Amino acid sequence: MKRVTATLVTDGSSDKLLAPLIELLFSAHTELAYQVNCAEGLPPLSSGLTARIDSALALFPCDFLFVHRDAEGVEASIRQQEIETNWSNSQQTATLICVIPVRMTEAWLIANEAPIRAAVGNPNGDDPLSLPAVKTIESLPDPKAILFEALKVASGLNGTRKRRFNPHQFRHRVSELMDDLEPLRKLSSFRHLEAQIQKHLEPNQ
């Protein structure tokens, strides 16, 4: 049976948390086996996106190359054009998929509270996490801060233990535990990612 291979090129090391979300989408849209690799050992960001794309394709040959850029206040269409321009200068040996969360990747992790509670080992906790309404998430200036505060509250810790709690180490676990696409599909940026996968993957089955 054919196996679908994918390589993820991220803005930074913390954005590897996108890989489980890509796997979740593959599970939803193909019955084929799949493998998602996070590209390591790439040239630094200062070398430019084309150099990083070419290096990723050479080191991690794949069917799909996922290139991530946070919008960070810039229109998603501009980020899309930026990726596609660098792609047109590259070796183009795979199918390009653009991954463009609005503001930052953490915006996708605050769409559902259950994985946040489970990530800190307190799935049955009932302290209010004060997560924003999903329809407002893509307009928030700092979704990372909201995620980190929610992780602290979800932990159920108090006093000194809460102050010492380090939410950074749990955000990838939140991504790994996400198993429901419906909250994510309420976000236009995530729907854009899913539409690309669906377009390129399903006709080939």
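Nothing in this text is a laboratory measurement; each read-out follows from the coordinates by a stated rule. Quick caveat: nothing in here was measured; it's all calculated off a predicted structure. Backbone-built Cβ (ideal geometry, glycine too); neighbour counts: all protein chains shown.
Quick notes on this one:
- The local environment of ARG163, defined by Cβ-Cβ distances under 14 Å, has a net charge of +3 under the rule Lys, Arg +1 and Asp, Glu -1.
- Counted by Cβ distance under 13 Å from LYS186, the other residues give a net charge of -1, where Lys and Arg count +1 and Asp and Glu count -1.
- Every helix of 4 or more DSSP H residues in the chain counts as -39500 (n - 2.57), and over all residues that averages to -12500 deg cm²/dmol at 222 nm.
- Extension gain for GLU113-SER188 works out to 25.1 nm (0.36 nm per residue, less the C-alpha to C-alpha distance).
- Percent RCO, i.e. relative contact order, over the stretch 105-177, from Cα pairs under 8 Å lying at least 6 residues apart: 43
- Footprinting exposure proxy for GLU82, GLU138 (fewest neighbouring C-beta atoms within 10 Å first): GLU82, GLU138
- Part-to-part distance (alpha-carbon centres) for the stretch 130-182 and the stretch 22-78, which is given in Å: 24
- Under 18 Å from the GLN35 label point (7 Å along Cα→beta-carbon), backbone N, the stretch 95-127: 95
- The candidate values were (1) 7, 20, 15, 12, 10, 10, 9, 7, 6, 3, 1, 0; (2) 8, 34, 34, 18, 5, 0; (3) 8, 28, 28, 13, 8, 7, 5, 2, 0; the one computed from these coordinates for P(r) over Cα pairs in 10 Å bins from 0, in percent carries the label (2).
- For the chain, excluding the exposed loop sites themselves (trypsin sites (Lys or Arg not before Pro), DSSP loop, at most 13 other Cβ atoms within 10 Å), the longest remaining stretch covers 3-184.
- Under the simplified labelling scheme, the GLN80-THR50 pair shows an inter-label distance of 2.3 nm, with each label point 7 Å from Cα along Cα→Cβ.
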